[in-house]
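Asker: One structure, pasted below without further comment.
The values are calculated or read from the model by the stated rules, or taken from the named source; none is laboratory data. Bear in mind the structure is a predicted one, so any value in this text is a computation, not a measurement. Note that each Cβ is placed from the backbone with ideal geometry, even for glycine, and that neighbours are counted across all protein chains shown. These area figures cover heavy atoms from the full protein model, side chains too; ligands, DNA and RNA do not enter into them. Shrake-Rupley method; radii C 1.70, N 1.55, O 1.52, S 1.80 Å.
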Amino acid sequence: MGFSLGWLATRGVDVDALLSSVQARATGVRKPVLEAPAMAGSMGNGWHLMVIDHDQRLVDDAFLRAISRGGVALGCFVEEHVMYSHAT
């Protein structure tokens, strides 16, 4: 077993546009980390973090270029089953 997930940290990016870009919506429900297929929230310091299970699109160059207009976006994908990771 192992993790297969993507995460995206953004600053200065419209959160509603970000959620819309991955067809997600805010629910206001709080769960422990990795107990839902997708989760996101404010880090409290201007950064917003999104984690999506089994989702490699968060490191796609075109996606990051579009979502980071006017802000900063850092993406990572980890596939532990095959010991692969990618950050951009």
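Asker: Which members of the stretch 16-39 meet the condition of being outside any loop (DSSP other than H, G, I, E, B), open to solvent by 50 Å² or more (accessible area, probe 1.4 Å) and either touching a residue at least 24 places away in the same chain (Cβ under 8 Å) or among the acidic types (Asp, Glu) (or both)?
Answerer: Within the stretch 16-39, just 16 meets the criteria.
Let's see how each residue does on (1) closer than 14 Å to residue 8 by Cα; (2) touching a helix residue (DSSP H, G or I) at 6+ places or on another chain (Cβ under 8 Å):
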| position | (1), (2) |
| --- | --- |
| 25 | no, yes |
| 30 | no, no |
| 40 | yes, yes |
| 55 | yes, no |
| 68 | yes, no |
| 71 | yes, no |
| 76 | yes, yes |
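Asker: If you go through the stretch 49-66 one residue at a time, do you hit one that is among the small types (Gly, Ala, Ser), touching a strand residue (DSSP E or B) at 6+ places or on another chain (Cβ under 8 Å) and either free of Cβ contacts under 8 Å to residues at least 24 places away in the same chain or assigned to a loop (DSSP other than H, G, I, E, B) (or both)?
Answerer: Within the stretch 49-66 (the criterion being among the small types (Gly, Ala, Ser), touching a strand residue (DSSP E or B) at 6+ places or on another chain (Cβ under 8 Å) and either free of Cβ contacts under 8 Å to residues at least 24 places away in the same chain or assigned to a loop (DSSP other than H, G, I, E, B) (or both)), the answer is no, since none of the residues qualifies.
Asker: Moving on. Among the residues of the stretch 73-84, is there at least one that is open to solvent by 50 Å² or more (accessible area, probe 1.4 Å), touching a residue at least 24 places away in the same chain (Cβ under 8 Å) and in a loop (DSSP other than H, G, I, E, B)?
Answerer: No, the stretch 73-84 contains no residue that is open to solvent by 50 Å² or more (accessible area, probe 1.4 Å), touching a residue at least 24 places away in the same chain (Cβ under 8 Å) and in a loop (DSSP other than H, G, I, E, B).
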